[in-house]
2 protein chains.
Amino acid sequence: MGNNIGGINRIGKTHNMIKKVKLLKPALGREEKRQLKLDAILRHAAAAFMEKGYYKTSLDDIARLHKVTKPTLYYYIRNKEDILIKCEAVASQRINGLLDDVTALDDNGFAQLKKFIEGYVEIVTDDIIRCHIRHRGQREDPAAREASLKMHREIEHRVREIIGRGVADGSLRPCNPTIIAILLFDALNGISAWYREEGDLNHEELVAQVLLIVTEGVKNKE
Amino acid sequence: MGNNIGGINRIGKTHNMIKKVKLLKPALGREEKRQLKLDAILRHAAAAFMEKGYYKTSLDDIARLHKVTKPTLYYYIRNKEDILIKCEAVASQRINGLLDDVTALDDNGFAQLKKFIEGYVEIVTDDIIRCHIRHRGQREDPAAREASLKMHREIEHRVREIIGRGVADGSLRPCNPTIIAILLFDALNGISAWYREEGDLNHEELVAQVLLIVTEGVKNKE
DNA sequence: CTATATTGTTACCCATGAGTAACTTAAACT
DNA sequence: AGTTTAAGTTACTCATGGGTAACAATATAG
């Protein structure tokens with residue numbers, strides 16, 4: 001479906017395993033370990049940001065969660081904002097991955113939209129993604145800010161295209177794809193702020209209700 | 001429809017006008033003037049918060065916008081957080097006022113929901129309300145936090161009731177009113193983050209699209 | 001026209017928290 | 001071995017910004 005953090009999709013081949021069997025502890029190359037730790041830091045940070053908010057969370061807080069001291073973090077991140085940027089990269093990959101999957105088959109627009117919604121509700125559960133959704137917009141470095149906006153527009157554009165395709169192929173009724181895409185995103189992103197997997201509301205019911213309102217609307221016809 | 005800030009709905013009677021005509025400058029009582037200034041400060045603060053965010057906006061920034069110095073603000077507000085609390089009070093009054101209006105007549109649930117949506121899209125344009133929507137959740141004083149949650153739940157509950165009523169009277173199709181209410185709010189609140197009155201998208205089109213998706217859904221039936 | 005509350009100012013305090021420098025420990029690689 | 005590089009630590013600096021004290025001006029009332 002998506003992919004994981006940096007570049008550790010499969011563990012790096014270990015071409016030296018034949019040479020000598022003295023590598024029992026390493027097992028993971030240093031680069032891989034580094035990526036794993038970065039991922040852990042990101043998760044800790046994201047969890048803290050979701051609980052207390054970006055500004056009320058200090059780097060010391062994050063370091064404490066990770067059981068290291070603050071300066072150590074700087075070995076993995078450039079600065080505080082860089083955490084958000086790295087979360088965004090993860091989010092971008094996951095969401096675009098979903099969109100790739102959804103648009104791969106040549107279903108009609110409605111079917112694709114349905115698949116996207118189902119997948120997105122899944123994605124929106126992840127702490128790193130929730131963190132990104134909540135804090136996208138905090139970027140203060142102008143360049144990072146611009147990059148963030150661009151990636152956001154790109155994703156919105158792809159959903160808009162799905163809707164537009166649906167209108168064209170007749171599977172969706174005539175509507176303004178731009179506005180509908182934005183409204184849909186607002187509702188779906190909102191979910192990330194309140195939905196708890198541990199709660200009594202299960203995934204299926206949630207997805208069903210989203211699909212109900214999006215596809216049929218709530219007005220009774222008879 | 002709603003009402004304005006503190007308690008200045010009509011200018012306070014001026015029962016002393018007969019006594020002597022030496023009151024030409026005052027015209028507004030001191031209490032009224034104070035409320036007017038508080039309102040202005042709130043608007044300046046809200047505008048700044050919407051542009052730069054709560055934490056990136058200093059009290060000096062707000063003071064500068066209002067053309068006074070920081071300590072002066074403390075004559076009108078208790079502290080920085082108090083600004084958010086006061087914005088919330090305004091928002092609460094406006095939204096509950098709308099709900100009062102909407103539920104006053106005994107239309108069916110669908111008609112009431114429609115009216116609410118139309119009114120809410122209007123409300124969500126105001127800077128103070130936008131500010132509240134964006135920053136509800138930042139409250140750090142536990143008491144204020146609790147009060148905020150309570151008022152939020154109350155409003156959500158009233159909308160849920162409208163939907164429940166609609167399901168009961170048959171004007172809305174069977175659905176989970178709790179989830180639908182939340183999704184609806186997410187979408188509507190989202191509007192406050194991107195919609196600009198000066199933009200090329202006019203109110204009517206926006207409302208029409210929201211109603212389209214909420215009432216009919218986007219799936220084509222034929 | 002003075003007395004008094006209301007607004008506002010200048011000049012400060014001080015907690016917080018991001019980021020850095022310099023040093024120590026642990027691991028890896030011939 | 002023993003040297004290099006990665007990983008982490010303690011102990012700082014330093015800007016920012018919320019909040020306050022003490023003082024100055026202005027208006028309202030008697």
Practice task
Tell me, yes or no, whether the range A:199-207 has at least one residue that is assigned to a helix (DSSP H, G or I) and either without any contact (Cβ under 8 Å) to a residue 24 or more places away in the chain or touching a strand residue (DSSP E or B) at 6+ places or on another chain (Cβ under 8 Å) (or both).
Solution key: yes
Completion exercise
Given (1) over 9 Å from the mean Cα position of the chain (by Cα); (2) modelled with pLDDT of 95 or more; (3) not hydroxyl-bearing (Ser, Thr, Tyr), B:Ala89 misses just (1)
Exercise for the section: Output yes when any residue across the range A:116-128 is away from every other protein chain (no Cβ under 14 Å), in contact with an Asp or Glu (Cβ under 9 Å, 6 or more places away or on another chain), modelled with pLDDT of 95 or more and closer than 30 Å to B:Asn220 by Cβ, and no when none is. Expected result: yes
Practice task
State which residue is farthest from A:Asp127 (Cα to Cα) when the search covers only the range A:45-61 and only residues that are touching a residue at least 60 places away in the same chain (Cβ under 8 Å) and of a type in the set (A, V, I, L, M).
Solution key: A:Ala45
Completion exercise
Residues of the range A:63-72 being at negative phi and within 12 Å of DNA strand D (Cβ to nearest atom), in sequence order, are A:Ala63, A:Arg64, A:His66, A:Val68, A:Thr69, A:Lys70, A:Pro71, A:Thr72
Handout entry: Verdict on B:Lys80 being within 13 Å of DNA strand D (Cβ to nearest atom) and within 14 Å of chain A (Cβ to nearest Cβ)
Key = yes
Handout entry: Qualifying residue in the range B:98-110 (condition: surrounded by 16 or more Cβ atoms within 10 Å (Cβ to Cβ), without any contact (Cβ under 8 Å) to a residue 60 or more places away in the chain and more than 16 Å from DNA strand C (Cβ to nearest atom))
Key = yes
Fill in the blank from the handout: Per the list (1) assigned to a helix (DSSP H, G or I); (2) away from chain A (no Cβ under 12 Å), residue check on B:Arg196 breaks on (1)
Exercise for the section: State the number of residues belonging to the range B:212-222 that are more than 7 Å from chain A (Cβ to nearest Cβ) and either under 21 Å from the mean Cα position of the chain (by Cα) or part of a helix (DSSP H, G or I) (or both). Expected result: 0
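Only one of B:His132, B:His203 is more than 11 Å from chain A (Cβ to nearest Cβ), closer than 21 Å to B:Val102 by Cβ and crowded, with 21+ Cβ neighbours inside 10 Å; which?
After ruling out the rest, the residue left standing is B:His132.
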Exercise for the section: Provide a single number: the residues in the range B:55-70 that are more than 12 Å from DNA strand C (Cβ to nearest atom) and surrounded by fewer than 13 Cβ atoms within 10 Å (Cβ to Cβ). Expected result: 0
Practice task
Give the number of residues within the range A:44-56 that are closer than 19 Å to A:Arg139 by Cα and within 16 Å of DNA strand D (Cβ to nearest atom).
Solution key: 5
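Residue-wise test of (1) among the aliphatic types (A, V, I, L, M); (2) more than 9 Å from every other protein chain (Cβ to nearest Cβ).
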position	(1), (2)
A:Val167	yes, no
A:Ser171	no, no
A:Pro177	no, yes
A:Asn189	no, no
A:Val210	yes, no
Problem - Residues being in contact with a helix residue (DSSP H, G or I) (Cβ under 8 Å, 6 or more places away or on another chain) and farther than 21 Å from B:Ala45 by Cβ - total across the range B:134-153 - result: 0
Exercise for the section: Determine which member of the set B:Lys67, B:Lys150, B:Lys80 is in contact with a Leu (Cβ under 7 Å, 6 or more places away or on another chain), of a type in the set (Lys, Arg) and more than 18 Å from B:Leu188 (Cα to Cα). Expected result: B:Lys80
Handout entry: Unmet requirement for A:Met151, which otherwise passes all of (1) more than 17 Å from the chain's Cα centre (by Cα); (2) touching a residue at least 24 places away in the same chain (Cβ under 8 Å)
Key = (1)
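The values are calculated or read from the model by the stated rules, or taken from the named source; none is laboratory data. In this text, all values refer to a predicted model and were calculated from it rather than measured experimentally. For neighbour counting, all protein chains shown are included, and Cβ atoms are generated from backbone atoms with ideal geometry for every residue, glycine included.
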